[in-house]
Amino acid sequence: MKVLKFGGTSVANAENIKLVLDIVIQKAAQDQVIVVVSALSKVTDLLQVAASKAASSDETYKDIVLEIEKKHLDTLKQLIPVSEQSGLLSHVKRIINHLETLLDGCYLLGELSPRTADTILSFGELLSSFIIGEAFKQKVQNSSYKDSRELIKTNNNFGKAVVNFDLTNDLIATYFSTNNASIVVMPGFIAMSQDGISTTLGRGGSDYTAAILAGAVNATELEIWTDVNGMYTANPKLVKQAQPIATISYQEAMELSHFGAKVLYPPTIQPVLRKNIPILIKNTFEPAAAGTFISNQVTSNANPVKGISHIDNITLITLEGPGMIGVSGSSKRLFEVLSIGTINVIFITQASSEHSICIGILNADAEAAEIAINKAFAVEISQNKIDPCIVEKNLCIIALVGENMKNHQGLSGRMFSTLGKNNVNIRAIAQGASERNISAVINVRDVKKALNTLHENFFEENTKQLNLFVMGVGNVGEKFIEQIHQQKKFLKENLKINVRVIAISNSRKMYFDEDGIALKEWQFALETGEVANQDEFITRVKALNLRNSIFVDITANEGVSRTYEQYLKQNIAVVTCNKIACSSNYDNYKNLKNLSRQYNAPFLFETNVGAGLPIIDTVKNLIASGDKVHKIQAVLSGSLNFIFNNFDENNSFHDVVKEAGVQGFTEPDPKIDLSGIDVARKILILIRESGYHMEIDAIANESFMPAECLATTSNEAFFESLTKNAAHFEAIYKEALASNSRLKYVAQFEKGIANVGLRFIPKEHPFYNLEGKDNIVLFFTDRYVEQPLMIKGAGAGAAVTASGIFADVIRIGNI
Ligand code: ADP
Ligand code: ASP
Ligand code: MG
C-alpha cells in the first residue's frame, strides 16, 4: 500500500486536480493507494482571516465565505459532468452554510476560542477532500472516501493537537484491513479529540496525516506531492541556484524541516521513521523529475553539507546576571517556565561562564515568554542578581545541515567567514551536539544575502556571483556593458565568476532587475526605466542587499563621487573611473580608503590614471612589497598626447582638439584636459598611492593655454577661442620644431614637489616617441634606481578604459 499526499497548490483548482487524478490512477494500477489532500491553495489562510474578522465584529468575513464558496463550486463544476453535479453542488453549499453559521456565531459572540478556530479551519480539508473524492469516483469505480477524523484521534490541544498513536494506529489498521478500494481519499490536517471535537495537527499538517496513515498501514512508501522538485539545498524561492537533493537521511530531512524547509512539516518523519518507510517528495507539475528520497541511509556524498534552511520571525531572549553563575537550576527553571507556557524553544546557547543564557523562540511567543520569565525570576531581578530579560525581535535563524558535518573540520569557520565577508552581523551561534547542524541568528534583512552566499560557498563549485550597479552609460559605460556581455560565459566557465548587472542608470533614467538585466537589450530596458534619482538609487541598492554588490561609477560627476561613502559603509564595493573623489581633498581620499578597509569593501580606481594600463595596481604592489617611490615622470594625458602628436602646419589646433573629442579621448568638457587639471589630478593620485600626503593646490600647473580660452563657459565658446588664438598655438609648435623637440604634456614628482606642464622633449628622451594617445609613466624607486620601472601604452579611449573598469571588477571577483 502507498500513501500519496497532495498539497495546497497541487489541488488549487480543477486543472491541477486533473493532474493529481492522472498521477494517482497510474499508481493505483499497481497498488492500493491512500490519497491525502490539503485544502485548496490559500483556503486555510482565508478561513483563519474570516474567523478573526468575525470575532472582531468585522462583517466582511461574509465576503470571504462567498469567495471560498465560489472557489469550490467552480472547481466542482469543472471536474464533474453536468448530469452528476446537482446533488454534489447542494452538498458543498450545505457545508458552506454550516461554516457560515459557525462564523455568524463568532460574530455574535465576539469571540473565537481555539476549539472553534480548529472546527472552522477543518472546513478547508473537508471541502477539498469531498470534491476530490467525488472526482475520483467519476473515474475509478472502486474508489472511496474516508473522513480522517474517524481514524486519527488526538488530545484537546487545539491548533496543534497531539496524536494518541495507540488508538489511532488500531483504528487505521482495522479500517484498512477490510477496505478493498483501490483508491481511498482522505482529508489531511484534521483529526478528532476523544470527546468528538474536531482538532487540527498544526499548519502544514497534511504531511503529518499522510505519515500517520503510512505508519499505521505499514505502507511501502510515503509520497509527498508538492509544487517543487523535492527538498532543495535551500529554499528555491529565495535561492535561485538551489538544487533538489536526490537522497537524504531522515535525520537530515528532519533537521532541515525543523529549521524552516517548509516543504516537509517537521513531525511528518517520526511515524514513518519508526517503521523505516521511505518518503519520496515529488512535484505534481513535473512528475518525471526524480524528487527527493528520504530514508535511513546516510549518503557519503563528497559535500558534508546537505542543505541550508532558515526560520523567520525569531525573537532572541537573553537572561543574564551575576546571580546565574554557578547557581545550579537557573536553566532548568527557565525551561520549565517556557514549557508551562507551551513556548517552543528553537535555539539555545549558553555562555561558558554560565553568566548568560540565550534562547530563540517565535516572535508570536515573545510577549508571553518575557512576562513569564520576568515573573519566574522576580526575586533575583529585585535583588539585582539577574537582569530583566533582554528581548530582541524580528530576527531569523539560518542553519547548515548535514549528517557528515561532524567528520569535517573548518565548516563553521567557513560559514562564519563567508557571512562576515558579506557584512552579515551574527547575533548568536549554536552548534547541535550531534553536529548535524550549525545555526546562527541574524537580522531579517540579511537572510536572502546570507542564504545565497552560503549556498554559493557550499554548493556552487565556488562560483562567485558579482552584482553590479552601473551608473553612467556614455561611451565608456556602453563599452563596459558590451564587454561584460561578451565575456560573461567565459568568466563563468573559466574563472567561476558570475557577473550580473542589476541596475543601470544614466542622468535621465534608471532601471533595476534583481535577477540581472538581459544585457543584449539593456538600452531598451533602460528606456522603460524610472526617472533617475541618486538617492533613490542608493536606497534601492541598499534594500536589495545582494552579496558581492559593486557600485560602478562611469560618470565624471562630482555628486556621484560624493556617494561612495554610503556604499562602502554598507559593505558595497566601489569601482570608479571618475577621478574626482581620489583627487579631492586628502581627508576625503583617506576616509574612503579607510572605510574600504573597515567595511571590507574594495574601493578600486585603476582607470583614474592611464585608462586600462595597470599603473595604480603596480604602485600598490611596489609599496606593499616594501619599495619606496622617489620620483615619477609621466605623460598621463592620452588626449593631450593625441593633440600634440597631430598638431602641425597642416592641422590647426582647433581641428585637432575637435577630432580628439570626436574620438572620445577628451573629457566631456575639453578644458579639463587642456588646462592640465586632468593631468594634475592623475599625478596627485599616483603621489597619494605612493604614500605621500599632498593636495591638488600643491601641484604647480604651468598652463600653455591663453587665459581667455580657459575663461570660456561653454564648449562652443571654447572652440571659438581656439581659432581666435591660433597664432599662439602655432608659435609654440614652431618653437618646438626649431629645437628638434616634440611637445609633450609632462607630469613630474620628485622630492615632495610636483608640477605639470607642456615640455619640449628632445630626441633621446623616452617620451619623444610616444605615439598617438599613449601614456607613459616612469617610476624611480629604491629598487628601480638607474633604469626606472616603465609602463607604456594606450592611455585613453572608451574600450581600454572600459576594460580597466572590468579588470577592477574581476579583481573583486578573485578576492
Ligand atoms: P504544499 O502546499 O504542497 O504542502 P508547501 O508550501 O507546504 O507545499 O511546501 C512547498 C514549499 O516549500 C515550496 O514551494 C518552497 O517555497 C518551500 N520551501 C522552503 N524551503 C524549501 C526547501 N529547502 N526545499 C524545497 N522547498 C522549500
Ligand atoms: N491546509 C493546511 C494548512 O494550510 C494543512 C496543509 O496544507 O498541510 O496549513
Ligand atoms: Mg506543506
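For the reader, a short list of remarks on this structure follows.
- Computed label-point distance, nm, for sites LEU362 and ASN594 using a 7 Å Cα→Cβ extension: 4.7
- Farthest positive-ward along the chain dipole, Cα basis, beta-carbon charges - from GLY321, THR618, CYS389: GLY321
- Spatially proximal aspartates and glutamates relative to LYS492 (Cα-Cα < 15 Å; intrachain offsets below 8 disregarded): GLU456, GLU460, GLU461
- Taking 0.36 nm per residue of sequence separation and removing the Cα-Cα distance, the LYS93/LEU171 pair yields an extension gain of 25.0 nm.
- Under 18 Å from the Cα of LYS590 - lysines, other chains or at least 8 residues apart: LYS569, LYS579, LYS620, LYS682
- With q set to 0.18 Å⁻¹, the log10 of I(q)/I(0) for the stretch 491-544, from the Debye formula over equal scatterers at the Cα positions, is -0.62.
- Acute angle (nearest 10 degrees) that the helix 411-421 long axis makes with the longest principal axis of the chain, alpha-carbon atoms: 50
- Phi-based couplings in Hz for the stretch 587-595 (Karplus 6.51, -1.76, 1.60; Gly and Pro marked x): 4, 5, 4, 5, 4, 5, 5, 5, 4
- Taken one residue at a time, the phi angles of the stretch 212-228 give Karplus couplings (6.51, -1.76, 1.60, θ = phi - 60°) of 4, 5, 4, x, 5, 9, 6, 4, 7, 7, 10, 10, 9, 9, 9, 10, 9 Hz. Gly and Pro are set to x.
- Summed residue charge, Cβ within 12 Å of ASN374's Cβ, Lys/Arg positive, Asp/Glu negative: -3
- By accessible area with a 1.4 Å probe, ligands and nucleic acids excluded, highest first: order of LYS590, LYS671, LYS160, LYS240: LYS240, LYS160, LYS590, LYS671
- Taking 1.002 mPa s as the viscosity and 20 °C as the temperature, the Stokes-Einstein diffusion coefficient of the stretch 382-464 based on its alpha-carbon Kirkwood radius rounds to 151 µm²/s.
- Fully extended contour minus Cα-Cα distance, from MET1 to LYS77, at 0.36 nm per residue: 24.2 nm
- Amide H contacts of MET231: ILE245, THR292, each under 5 Å away and 5 or more positions distant or on a separate chain (H built 1.01 Å from N in the peptide plane; Pro and chain starts excluded).
- Per residue solvent-accessible surface (Å²) - the chain, probe of 1.4 Å: 43
- GLU659-GLN570 FRET efficiency (beta carbon distance; Förster radius 41 Å; 0.05 resolution): 0.45
- When a 1.4 Å probe is rolled over the protein heavy atoms, the share of accessible surface on the chain that falls to carbon and sulfur comes to 50 percent.
- Taking the longest Cα principal axis of the chain as reference, the axis of helix 677-689 is set at about 70 degrees.
- Above-threshold pairs, the threshold being 28 Å between Cα atoms, out of LYS146/LYS282; LYS42/LYS240; LYS593/LYS658: LYS593/LYS658
- Calculated mean residue ellipticity at 222 nm for the chain: -13000 deg cm²/dmol, from DSSP H runs with n ≥ 4 weighted as -39500 (n - 2.57), summed, divided by the residue count and rounded to 500.
- Point-charge dipole on Cβ atoms (K/R +1, D/E -1) for the stretch 204-349, about Cα centre, debye to 20: 140
- Whole-percent pair-distance distribution, where bins are 10 Å wide, for the alpha carbons of the stretch 205-282: 20, 56, 21, 3
- The chain - convex hull of the alpha-carbon atoms, volume per residue in Å³: 227
- Degrees, to the nearest 10: 14-28 long Cα axis against longest axis of the chain: 60
- Between the stretch 84-114 and the stretch 412-474, the alpha-carbon center distance in angstrom: 48
- As a length-normalised measure over Cα pairs under 8 Å and 6 or more apart, the relative contact order of the chain settles at 8 percent.
The values are calculated or read from the model by the stated rules, or taken from the named source; none is laboratory data. As the structure is a computational prediction, the values presented were derived from the model and not from experiment. Note: ideal-geometry Cβ built from the backbone for every residue, glycine included; neighbour counts use all protein chains shown. Heads up: the accessible areas ignore ligands, DNA and RNA and are worked out on the full protein's heavy atoms, side chains in. Shrake-Rupley method; radii C 1.70, N 1.55, O 1.52, S 1.80 Å.
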